[in-house]
1. Quick one: net charge around ILE55, please, counting Lys, Arg +1 and Asp, Glu -1 for every other residue with C-beta under 12 Å from its C-beta.
2. Could you do me a favour and compute the accessible area per residue for the chain, 1.4 Å probe, result in Å²?
3. Helix 147-162 sits at what angle to the longest principal axis of the chain, using alpha carbons and giving 0 to 90 degrees rounded to 10?
4. For a test of the definition: using alpha carbon positions, the gyration tensor, and the 1.5 limit on a/c, classify segment 138-205 as rounded, prolate or oblate.
5. How do ASP114, ASP319, ASP64, ASP129 stack up against each other in accessible area, from largest to smallest, with a 1.4 angstrom probe?
6. Would you mind checking LYS170/LYS199; LYS91/LYS170; LYS88/LYS161; LYS91/LYS245 for any pair whose Cα atoms are more than 27 angstrom apart?
7. Can you list, bin by bin at 10 Å, the percent of alpha carbon pairs in segment 172-331, starting at 0?
8. Note down the relative contact order for the chain as a percent, whole number, built from C-alpha pairs under 8 angstrom at least six residues apart.
Amino acid sequence: MPALSTPQVSEQTVATGPPTGTSWLVRRPRRESLISFEVFPPHPTRDPEAVWRNIDAMAAAGPDFFSVTHGHSGTNGVSRETLRHLLKQTKTPAVAHLTCGGTDRAGLDRAVEDLLDDGVRDLLALRGDPPVGGGEWVTHPGGFDRASQLVELIREVEERKFGACERPGKRPVSVSVACYPVAAKGRDFEADLAALWDKQEAGADYAITQVLYDAQDYVRFLERARSEGIHLPIIAGLVPLTDIKRLGRMTELTGVPIPERITSFLNTESPAELRRRGIAATLTLIDELLDFGCPGLHLFTFNRPDAPLAILDHLRVRDAARQFRGGITAA
């Protein structure tokens, strides 16, 4: 393969003009609460049109950004079709999930190149999960076993394509990473904290937590992270508390237990009452997190728009009330 020459990028391309990546959205002072929706590609054997309608309904509501996970496929890379759809149909940034598994360094390099060629400018760098059904993580020959390595690779590809830019929030590519604020089953809290520091040093812009159910868990984790020299903005990952089966599935996937006070509150035979209680519990958690200074919220939507849209509407009413109390004119 011939050597790749470094493109000549003008100063105007890199350093001027308003930044648009998600790192800038997370870091900038805000009058409105930041919220993102996580979606996944339609399952090929189910009703893909219904999934597209749900995704489009969420897109029309105007969250700050989407993130696109692998969904049913479980393979490396991301669903380029879903990303292309969002980038074409909306002006909302779309974050591509990228994992280390299933390919070597050259394959990951090509995956980053392909995403950037598609117009993606926001990436979530993940190591990836162990095989479904149990088992240990196995590093692909010639591949990576740490998300920090993937962050470094993304920055290398970014510089190769766009030139160097070290100013936070001004880089052409925004890189987010995961963090784990709760001592979940099967995870080493201290190792996860050290890994977050490594991701920061490798060039990450901000972090998104694994699912949270208690605002105090977020506060304790933030205090510990800051004491360890981790200064990344940390967005809280949340699941709408409206589906008991889905919450059980999240516990299986993440190892994060659901507090007993939540399961007791959600204990009702009425689907309508469960929805009311679930949204109320979610909104209470959100209000507590925002009062503690959390810079943003990331909702695991499962491609179901009802609860996420209700939550987004609540946030907009909350923001309008705060602006009214403060005499702030909305921009």
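The values are calculated or read from the model by the stated rules, or taken from the named source; none is laboratory data. Everything numeric here is computed off the predicted structure, so don't read it as measured data. Glycine also receives a Cβ, built like all others from the backbone with ideal geometry; neighbour counts cover every protein chain displayed. Calculation scope for accessible area: heavy atoms of the full protein, side chains included, ligands and nucleic acids excluded. Shrake-Rupley method; radii C 1.70, N 1.55, O 1.52, S 1.80 Å.
1. Working: positive: ARG53, ARG304; negative: GLU38, GLU49, ASP56, GLU81.
Net charge in that neighbourhood comes out at -2.
2. Per residue, the chain has an accessible area of 50 Å².
3. The helix 147-162 is inclined about 60 degrees to the chain.
4. On the way: a/c = 3.33, a/b = 1.61, b/c = 2.06.
Note, shape of segment 138-205 comes out oblate.
5. Numbers: ASP114 60, ASP319 10, ASP64 35, ASP129 130 Å².
From most accessible down to least: ASP129, ASP114, ASP64, ASP319.
6. On the way: LYS170/LYS199 19 Å; LYS91/LYS170 19 Å; LYS88/LYS161 22 Å; LYS91/LYS245 34 Å.
The pairs that break the limit, which is 27 Å between Cα atoms, are LYS91/LYS245.
7. For segment 172-331, the pair-distance distribution reads 9, 36, 34, 18, 3, 0.
8. On the way: 532 pairs, mean separation 65.8, N = 331.
Answer for the chain is 20 percent.
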